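Take a look at the structure set out below.
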Amino acid sequence: MRIISADSGAALLNEQFEATTIVASVAVLVEPPYRLAKTCIAEPIFTKVINSHELIVHELALCQALLKETRADVVHLDMSFGGLLMEELSPIQISNISSKARAHILKILPKLRKLAADIKRVYGIEVLAIGKDSIPVRIAELTAGAYAVLYAAEKAVKEKTMMRLGMPSKCYARRVEGGVMVHSLSPAEHDIAGFAVDNNVVLEKVTFSELLNPCARGFRVLEFSPKPLT
Amino acid sequence: MRIISADSGAALLNEQFEATTIVASVAVLVEPPYRLAKTCIAEPIFTKVINSHELIVHELALCQALLKETRADVVHLDMSFGGLLMEELSPIQISNISSKARAHILKILPKLRKLAADIKRVYGIEVLAIGKDSIPVRIAELTAGAYAVLYAAEKAVKEKTMMRLGMPSKCYARRVEGGVMVHSLSPAEHDIAGFAVDNNVVLEKVTFSELLNPCARGFRVLEFSPKPLT
Amino acid sequence: MRIISADSGAALLNEQFEATTIVASVAVLVEPPYRLAKTCIAEPIFTKVINSHELIVHELALCQALLKETRADVVHLDMSFGGLLMEELSPIQISNISSKARAHILKILPKLRKLAADIKRVYGIEVLAIGKDSIPVRIAELTAGAYAVLYAAEKAVKEKTMMRLGMPSKCYARRVEGGVMVHSLSPAEHDIAGFAVDNNVVLEKVTFSELLNPCARGFRVLEFSPKPLT
C-alpha cells in the first residue's frame, strides 16, 4: 500500500517556551515498511499559531500536488476521526468534539470535502481522516520537523539572531551526511524518522544546541545561532 | 507472589491492515521479578475478531487448567475494572462503560463469576479484574504474540501462502535459539518479554520481514512466506 | 529560565505491592538544558498515603525555602491545571475535576494561595499550577525517588528488616559514584534524571534487587535488605 500524507510542524518559541509560529508543511509518500518518506514536498510556511486552523486545508492541497508527481493508494489526513472518509465527513459525525474545535472544523469542512472529492474523481483514491492512528501522518510530522530545522537555521543566518525551535512531540534532530534526520522517540517508533536534504548547506552556517522544553514534557527544543564570520 | 494470568493475541490482517482473526491464547505463571513467564499453556485459536468477545471466558478456563499443574497466589484477568474481585463483579459495578461493551460483558459475566467461584473454592485464591494495570497480563499478551508467530508461520507453510500477522501493541519479535522472543517496546518495559519454544522447527521453513502497521501507530506487522523447497 | 519545583515520591509497599507510606519530599532548582537538578533540598517524610493530600502545601513551602538560598524566575507546582497562576486559582476554575479531588484541593487552596502570594511579594515571581506538563516537576519527582532510595535503605539498616520501595512512574535507580541516580524511562526523557548524594554511605550497608510491580504497569520496585555484619 502506497500512502500519501501531510502535516505541518515545529514552531518558533517565545522566551516562555510557548509556540508562536508554525514553520513547515510537508506532504510525503510512504511505502512498506513505512519507516521513512520515499518522496516529499516541503514548504516553509511561518504561519502564526493563532491562524493555524486552516493549515489542514493547505496540507490536503499539498497531498494533491504530490499526487500529480506520483501514484498512491490512499491519502491519510491529520484529522483524528477514526479513519472516516473525508468526503463523507458531516457536521453530525463531528458532534462529539469540543464546541470550539467543532467551530474551526465546520469552517473548513466544505473546502476539505471539495478537495477530497477532486482527489477521488481524478485519482480514484480515498482521503481518510485518520490522524493520530496513522504512521504516514507521523512520518509527515517528523519530516516537517526536519525541514523546519533547515528553515529555522536559514532564518537565524538571514536575520543574524538566535532562533528557538520547538520540535514535534517525542523526537530529536541529528545532523547527518547531506541533511538532518529527525528520529521518533515515541514508544515502538525507534525506526521511524523524517529526513530533510540540506541543499543550501545552511547547517554549516549555524551552531545549535538541544534542550528540553521545561513547560511541555515530551517536547525538545533547538536553539540556532549564526556562526561568527571568519 | 506467584501470579497466573491469561490473554489472547496477535491477529491475521487483511490487505487494509485490519485484524480479521485472533491467533493464540495463553495462560502464564509469573514469579518475581515478573519479567517472563515461568511456565505457560498455549493454544492456536484462529477465532474471528467479530466473535472474540467470549475469548475472556476461554482465557479464564486456561488459567484454571494451569492451576491444575502449578500453585499460584492470585489470578489476573485481562478485564480493566481496577482490580475488583471477579467473583463479586456485578452489573452495577460496570455501569460506567459504554453500552455496547457492557452488553458484551453482561452476556459472559455469569460464566466468568462461575469460573472465579470454582477457582476460589478449589484453590482458595482470588481472580482479579485488573487488566491493563497488570504486568502478568502484559506478559501473557507478549507470550501469546510469541506463540502466534509460530502458529502463523505454520499456517503459511501448510497453506503455501503469505501470512500477515499483526503483533500485540508496542512489541517486536526476534528469533532466538530454540524459539521466538517477543520483547515489549512500551515505556519502562524494556526487560519484559514473552517466549515460545519452536518444537517443530517451523521458523526454519519460512522467511519473514517486519513492517509497521501504517493504520495503527504502535503496532508492528510480520509477513511470513514459506521458503521455496530446495 | 531558572525554575524551582517540588514533588514528593516513592512509597513503601505492602505485600500486595500497594503504596502505604510516601518516603521523600524535595525541592529542586533546574536550569537549561533542564536535565538534572542544579541544587535541591530533600527531606525524609514517611507520610501515610492516606494523609498525603496536604503534601503539596509542604512542597510549596520547600520551594520557598529553596528561594532563600537561590534565585529563580518561576515556580512549577505539581498540580495539573494547565499552568494557571496559583495565586489566582479559584474554586470555580477547578470545577471540572472529580468531587473527591475537588474537596481535597478546596481544603488546602487557602494555604497554597497564601504561600504563592508570599513568594510573589518577596521574590517577585509566579507560582504556576502546571503539574504533569512540567519537566522541572518530573525532575523533582526523580530526585525524590533518588533520595527515597537512600532513606529506605537507611530504614532497612536501622530496623534490621527488608524494605520494599515503589519507585516513581517509569524510572529506574542505578548506583553511581557517590550516590544514586534515578533515570527516567518515559518516552523522550532518556536524558532526564534525579541524583541523590549518599553522604552516610548507606548503600554500602544494604543489598538490593529490582523487580517490576506486578499490579502497576510502568512502576518498578526495589527491595533492600541489610547486609549481614561481617
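Side notes on the structure shown:
- Some residue of region C:139-150 being surrounded by fewer than 21 Cβ atoms within 10 Å (Cβ to Cβ) and within 14 Å of another protein chain (Cβ to nearest Cβ): no
- All conditions in (1) among the hydrophobic types (A, V, I, L, M, F, W, C); (2) in a strand (DSSP E or B); (3) more than 9 Å from chain A (Cβ to nearest Cβ); (4) surrounded by fewer than 23 Cβ atoms within 10 Å (Cβ to Cβ) hold for residue B:221, with the sole exception of (3).
- Screening residue C:227 on (1) closer than 28 Å to residue A:220 by Cβ; (2) charged (D, E, K, R); (3) modelled with pLDDT under 95 shows it passes everything except condition (1).
- Evaluation of residue B:210 against (1) among the charged types (D, E, K, R); (2) surrounded by fewer than 19 Cβ atoms within 10 Å (Cβ to Cβ); (3) touching a residue at least 60 places away in the same chain (Cβ under 8 Å); (4) under 24 Å from residue A:139 (Cα atoms) (one fails), failing number: (3)
- Qualifying strands (runs of 3 or more DSSP E) (wholly inside region A:16-100; at least 2 residues being exposed (fewer than 14 other Cβ atoms within 10 Å of the Cβ)): A:39-48
- Residue C:187 within 14 Å of chain B (Cβ to nearest Cβ) and without any contact (Cβ under 8 Å) to a residue 24 or more places away in the chain: yes
- Pairs are defined by a Cβ separation below 7 Å, a sequence spacing of at least 6 or placement on different chains, a first member in region C:13-40 that is within 11 Å of another protein chain (Cβ to nearest Cβ), and a second member that is surrounded by fewer than 17 Cβ atoms within 10 Å (Cβ to Cβ); the pairs so defined are C:30/C:38; C:31/C:2; C:31/C:38; C:33/A:210; C:35/C:191.
- Residue list for region B:116-132, filter: at pLDDT below 95 and part of a helix (DSSP H, G or I): B:131, B:132
- Checking each residue in region A:190-218 for being farther than 25 Å from residue B:212 by Cβ and more than 14 Å from chain C (Cβ to nearest Cβ) picks out A:198, A:199, A:200, A:201, A:202, A:203, A:204, A:205, A:206, A:207.
- Against the criterion of being touching a Leu at 6+ places or on another chain (Cβ under 8 Å), at pLDDT 95 or above and more than 21 Å from residue C:219 (Cα to Cα), residue B:72 qualifies.
The values are calculated or read from the model by the stated rules, or taken from the named source; none is laboratory data. Predicted model only: the values in this text are computed from it and were never measured. Glycine also receives a Cβ, built like all others from the backbone with ideal geometry; neighbour counts cover every protein chain displayed.
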